[in-house]
Amino acid sequence: MPRFSHMVQQAVRQRLAARDAALSPFAMRETTSLGRTLPEEAPSLRGEYQRDRDRIVHSKAFRRLKHKTQVFIAPAGDHFVTRLTHTLEVAQVGRTIARALNLNEDLVEAMALGHDLGHTPFGHVGEQALDHLSPGGFRHSQQSLRVVDLLEKEGEGLNLTRETRQGILNHSKPRDDLLRLESDDLTLETQVCRLADAVAYINHDIGDALRAGLIQQEDLPRQAVALLGQRHSERINTLVVDIVESSWAATGEVPLSPETRPAITMSPPVAQAVNLLREFMFQAVYIPASSGPEGVVANRLINLLYHHFLQHPQELPSALAKEDQPLEQRVVDHVASMTDQFALLLAERSWPGSTDRVFSGRLL
């Protein structure tokens, strides 16, 4: 049996190596990976990026995503998007694009599944609150990297590859132009993850906003709808197809000059339509949702929790209590890790009535 097992492992490793070698010349390969901070023996039946994906999926931070807000805080309905369902949609869109362009699908999936692990309770309201409270500011992309590097496994971290870590850290996009890159050395897989994130959240957030009655179908920018489509599935398909067609050079099947490096992009008309739709969502959905009754209460709860743990550090979890980090950072790590449910329950126990009955019967 051991001999047969070794033969099977060898066959699987050869098959994985052949798939790796058949990728686009611009794809990230395991043979060119920068590896992990702590070197490890290669897995017997998986690639290194598959190992990253599996570690993320089995992490506690990943499980908590099911009870974290995407946009609408404590929505009164079963079909609103959570941070977990958003993450799964990003992975699905990203894998489709990566496979079509012959890029490293396993790497894109690992990035996508880990990109929001550091998100706060109460969505962007929570992020904005911690950004104002934390002496060094707060960005969920940076916190996601802290989660996989330092906080998971009781402070041991997940020891992910540098390529997966790059995608997690660099998935956020500037508000003015989602195609603008802040760095010139991002892998194509990281660029895929960035656009997959935008494709997913813009479209499912529209669905949630319609479901919540915050906007009506006719409110959507006509120019964007005319080009991208009226329905959710139409817009997703239009965007994914356009990204693949506009980024076809990433396959290596298009002659390029030696100094030219392909990018993951969109055609100018589609990019303009997406930016228009995205800005509409900021003005009509994201900003109003943050300033509504739930957003105001959520902001207050984050402030209460932050200051409470600053004053009572002995109540921090034991793993954080031992961390060699400033108290403010440890408090941020704890508050950011909370689910909406846990933050609300803790607040109501500590300060009865602090939720102002806004969330009564919904999450508590």
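The values are calculated or read from the model by the stated rules, or taken from the named source; none is laboratory data. All values derive from a computational prediction rather than experimental measurement. Note: ideal-geometry Cβ built from the backbone for every residue, glycine included; neighbour counts use all protein chains shown.
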Single condition Val270 does not satisfy, out of (1) modelled with pLDDT under 95; (2) in a helix (DSSP H, G or I); (3) farther than 28 Å from Asp149 by Cα; (4) aliphatic (A, V, I, L, M): (1)
Among the residues of region 34-46 satisfying the criterion of being aliphatic (A, V, I, L, M) and in contact with a helix residue (DSSP H, G or I) (Cβ under 6 Å, 6 or more places away or on another chain), which is nearest to Pro262 (Cα to Cα)? Leu34
Quick test of your reading of the structure: Gln143 fulfils all but one of (1) under 30 Å from Pro262 (Cβ atoms); (2) in contact (Cβ under 8 Å) with a residue 40 or more places away in the chain; (3) touching a His at 6+ places or on another chain (Cβ under 8 Å); (4) polar (S, T, N, Q). Name the failing condition by number. (1)
Restricting attention to region 162-186, which residues are surrounded by fewer than 23 Cβ atoms within 10 Å (Cβ to Cβ) and of a type in the set (Ser, Thr, Tyr)? Ser172, Ser183
Tell me, yes or no, whether region 296-308 has at least one residue that is assigned to a helix (DSSP H, G or I) and touching an Asp or Glu at 6+ places or on another chain (Cβ under 7 Å). yes
Can you pull out the residues in region 89-107 that are in contact with a Leu (Cβ under 6 Å, 6 or more places away or on another chain) and part of a helix (DSSP H, G or I)? Ala91
State whether one or more residues within region 6-21 are touching a strand residue (DSSP E or B) at 6+ places or on another chain (Cβ under 8 Å) and outside any loop (DSSP other than H, G, I, E, B). no
Among the numbered criteria (1) within 30 Å of Ala343 (Cβ to Cβ); (2) more than 18 Å from the chain's Cα centre (by Cα), which single criterion is violated by Pro25? (1)
Select from region 315-352 the residues that are under 22 Å from the mean Cα position of the chain (by Cα) and among the hydroxyl-bearing types (Ser, Thr, Tyr) and write down the one among them that is surrounded by the fewest Cβ atoms within 10 Å (Cβ to Cβ). Thr339
It is to be established whether one or more residues within region 227-240 are at pLDDT below 95, surrounded by 14 or more Cβ atoms within 10 Å (Cβ to Cβ) and among the small types (Gly, Ala, Ser). no
Here is a list of conditions, (1) out of contact with any strand residue (DSSP E or B) (no Cβ under 8 Å at 6 or more places or on another chain); (2) hydroxyl-bearing (Ser, Thr, Tyr); (3) over 28 Å from Ser257 (Cα atoms); (4) part of a helix (DSSP H, G or I), and Thr31 meets all of them except one; can you say which number that is? (3)
Take the conditions part of a helix (DSSP H, G or I) and touching a residue at least 60 places away in the same chain (Cβ under 8 Å) and apply them to His86. Does it pass? yes
